[in-house]
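Peer 1: Below is one structure. I have some questions about it.
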Amino acid sequence: MVKRLLVRAGIGLALAAVARVGIQKLLDANREDDHTYLNPRWDEAPSVDADKDEDEVGLTQLDSIYRAEWQANTYPRSEAERKALEE
C-alpha cells in the first residue's frame, strides 16, 4: 500500500514537472512575440514608405518611426530650421 502511494506520488510529480516545462516554453514563445516594438530587425529593414515618400528613401523602419515621432512633436528637421525658429 505504501509502495502504491509512493509510485502514484512519483508519477504525479513527473507529470507536474513535464507540465511546468511545457507551460514555460509556451510563455517564452509568447514573450518573444509580445516585444514587436523592440524588434531588432526594424533597424535593418528599409522603410515601408520609401516608395511613397522621397524623404523616407534610405531610412530603416526604426528611423522612419523616429522621424514620424519627431514630426508629430514638431522637432526641426535641420540645424538651419532650428536657428530660424530661435530667431
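The values are calculated or read from the model by the stated rules, or taken from the named source; none is laboratory data. The structure displayed is predicted, hence computed values, not measured ones. Glycine also receives a Cβ, built like all others from the backbone with ideal geometry; neighbour counts cover every protein chain displayed. Side chains are part of the model used for accessible areas, which takes the heavy atoms of the whole protein and leaves out ligands, DNA and RNA. Shrake-Rupley method; radii C 1.70, N 1.55, O 1.52, S 1.80 Å.
Peer 1: Looking only at trypsin sites (Lys or Arg not before Pro) in DSSP loops with at most 14 other Cβ atoms within 10 Å, what is the longest site-free stretch of the chain? Intermediate values should be presented prior to the final figure.
Peer 2: On the way: sites that count: Lys52, Arg77.
It runs 1-51.
Peer 1: Report, in debye and to the nearest 20, how large the dipole of region 43-86 comes out about its Cα centre when Lys and Arg carry +1 and Asp and Glu carry -1 on their Cβ. Please report the intermediate quantities before stating the final value.
Peer 2: Numbers: 5 positive and 13 negative charges, 51 e Å.
Value, rounded to 20: 240 debye.
Peer 1: Can you tell me which aspartates and glutamates have their Cα less than 17 Å from the Cα of Lys25? Leave out same-chain residues fewer than eight positions away.
Peer 2: Correct list for Lys25: Asp33, Asp34.
Peer 1: Can you find, among Ala17, Met1, Tyr75, the residue sitting farthest towards the positive end of the charge dipole of the chain, where Lys and Arg contribute +1 and Asp and Glu -1 at Cβ?
Peer 2: With unit charges placed on the Cβ atoms, the residue in question is Met1.
Peer 1: Also: Using 0.36 nm times the number of residues separating Ala45 and Val18, minus their current alpha carbon distance, what extension gain do you get? Intermediate values should be presented prior to the final figure.
Peer 2: Working: separation 27, 0.36 × 27 = 9.72 nm, distance 3.91 nm.
Extra length from Ala45 to Val18 when fully extended: 5.8 nm.
Peer 1: How far, in degrees from 0 to 90, does helix 2-34 lean away from the longest principal axis of the Cα atoms of the chain, to the nearest 10?
Peer 2: Compared with the principal axis, the helix lies near 10 degrees.
Peer 1: How much accessible area does Leu26 have with a 1.4 Å probe, in Å² rounded to the nearest 10?
Peer 2: Solvent-accessible area, nearest 10 Å²: 110 Å².
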